[in-house]
């Protein structure tokens, strides 16, 4: 598995923030207490964001997956390089 894109579904996010605890170099909470993804250049949003645009280029797939899996409402969606959703499983 290789993660190519990350997206936070804002309508699902409840701001519980385990993603921030698991991968704080990738996720943070915005002013509305919703998770967003940190992009290069200091810009953050809910995506979808290409892996190559992440602020933390050194983070591994396992850590990103663990952060997504830690979300109690499954608001973090991960996609492979073909655009296939790899988490949450469909």
Within region 39-62, how many residues are within 14 Å of residue 4 (Cβ to Cβ), free of Cβ contacts under 8 Å to residues at least 24 places away in the same chain and either assigned to a strand (DSSP E or B) or under 11 Å from the mean Cα position of the chain (by Cα) (or both)?
-> 0
Scan region 17-35 for residues that are exposed (fewer than 14 other Cβ atoms within 10 Å of the Cβ) and not in a loop (DSSP other than H, G, I, E, B) and jot them down.
-> 21
The condition from (1) at pLDDT 95 or above; (2) surrounded by fewer than 17 Cβ atoms within 10 Å (Cβ to Cβ) that residue 45 misses is numbered (1)
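One line per residue, one yes/no per condition, for (1) part of a strand (DSSP E or B); (2) in contact with a helix residue (DSSP H, G or I) (Cβ under 7 Å, 6 or more places away or on another chain); (3) free of Cβ contacts under 8 Å to residues at least 12 places away in the same chain:
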{"site": "12", "(1), (2), (3)": "no, no, no"}
{"site": "15", "(1), (2), (3)": "no, no, no"}
{"site": "37", "(1), (2), (3)": "yes, no, no"}
{"site": "64", "(1), (2), (3)": "no, no, no"}
{"site": "67", "(1), (2), (3)": "no, yes, no"}
{"site": "83", "(1), (2), (3)": "no, no, no"}
{"site": "89", "(1), (2), (3)": "no, no, yes"}
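The values are calculated or read from the model by the stated rules, or taken from the named source; none is laboratory data. Everything numeric here is computed off the predicted structure, so don't read it as measured data. Every residue, glycine among them, receives a Cβ derived from its backbone with ideal geometry; neighbour counts consider all protein chains shown.
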